[in-house]
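Enquirer: The structure's right below; bear with me while I get my questions together.
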Amino acid sequence: MTAMSEPADDDAPRRRTGGRSARVRSAVLQATIAQLLEVGYDRLSVHEVAAAAGVAPTTVYRRWPTRAELILAALQELSAVAIEVPDTGTLEGDLRSLIRSIAATVGQPALRPVQRSIAALPDDVAGEYRRSFWADRLDRTSAVVERAIARGELPEGTEPSHVLELLIAPIWFRLIISDTPLDDDALDRWVRAAIAAA
C-alpha cells in the first residue's frame, strides 16, 4: 500500500461500514494477535504488524496512537469471541462444561505472557479493558446460575457473580501467579468448591 492510498482508510468509516476501513482494521488486529502469540507483549513491533497486515505504519498509528492501545484493541477483538453457555440440565454439568471451555481458551501456553503483561499494566491503560472483559463474561454466563436457582439447585438470592468468580478465579491464579498447568482433576475440584460455597 502506498502513502497516497492511506487517506481513503481514514475517510471510509465516515462514508460506510464494512468497507475497506473495516478490512484494514481486521487485518491489523489479526496481525497484532498473531504477533502477540509469536513474540509476546514486550517484543511486539508496530512496524512488523503493519507489514503483516499490508498497510503502512502510519495507518496503524492513526487509529491506535500507542502500542498499548493497539494491543488492547487486539485483545478486545480476541475476547469478543462468543462464549457458548452450556445447558446440560444440571448446575454441576453446566459448570464442568463452562470451566473446561474457559480453560481451553485462556490456558493456551502462548497466551500466558500476554495475560501477565495485561494484568501488570496500570489501571489508566488497561483498567477499563479488564473491567469490561469481566463484566461481559459474567453477564454472558449468569444464565447458568439463574437456571440452577429456577431448578432449586441453588437457593433464591444466590448471586451469579459470586458462583462464577469462585469457579473462574483459580484458573487465573494458576495462569498468572503460580504458572501451574491446568488439569481435569483441578477443574473438577473447583466446580465442586464453587457449588459448595454457593
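Read-outs: derived from the displayed coordinates by stated rules, not from any lab. Remember, it's a predicted structure, so these values are computed and weren't measured experimentally. Because the Cβ atoms are built from the backbone with ideal geometry, glycine has one as well, and the counts that use them run over all protein chains shown.
Enquirer: When every alpha-carbon pair in region 102-198 is counted, what percent end up more than 18 Å apart?
Expert: Value for region 102-198 (Cα pairs over 18 Å): 53 percent.
Enquirer: If you don't mind, there's one more thing I want to ask. May I ask for the net charge around ALA150, where only other residues with Cβ less than 13 Å from the Cβ of ALA150 are counted and Lys, Arg are +1 while Asp, Glu are -1?
Expert: Spelling it out: positives minus negatives among the neighbours equals -3.
Enquirer: Write out the GluC sites (Glu not before Pro) in region 53-131 meeting two conditions: DSSP loop, and at most 12 other Cβ atoms within 10 Å of their Cβ. Display every interim value, and only then the final one.
Expert: Working: sites: GLU69, GLU77, GLU84, GLU92, GLU128; in loops: GLU84.
Here the sparse-neighbourhood loop sites are GLU84.
Enquirer: If I model a spin label as a point 7 Å beyond the Cα along the Cα-Cβ vector, how far apart are those points for ARG20 and HIS162 in nm?
Expert: Once both label points are built, they end up 5.6 nm from each other.
Enquirer: Moving on. Measure off 7 Å from each Cα along the Cα-to-Cβ vector at VAL106 and SER45, then give the distance between these two points in nanometres to one decimal.
Expert: Output for this residue pair reads 3.2 nm.
Enquirer: Relative contact order for the chain: what percent, with Cα pairs under 8 Å and sequence separation of 6 or more?
Expert: Details: 158 pairs, mean separation 39.0, N = 198.
In percent, rounded to a whole number, it is 20.
Enquirer: Further, regarding this structure: Tell me, what ³J(HN,Hα) does each residue in region 154-169 have, in order and in whole Hz, if you take phi through Karplus 6.51 cos²θ - 1.76 cosθ + 1.60 with θ = phi - 60° and put x for Gly and Pro?
Expert: 10, x, 4, x, 4, 7, x, 4, 4, 5, 6, 5, 4, 6, 8, 3
Enquirer: On to the next question. In degrees between 0 and 90, to the nearest 10, how far off the longest principal axis of the chain does helix 67-79 point, with axes built from Cα atoms?
Expert: Orientation of helix 67-79: about 50 degrees from the principal axis.
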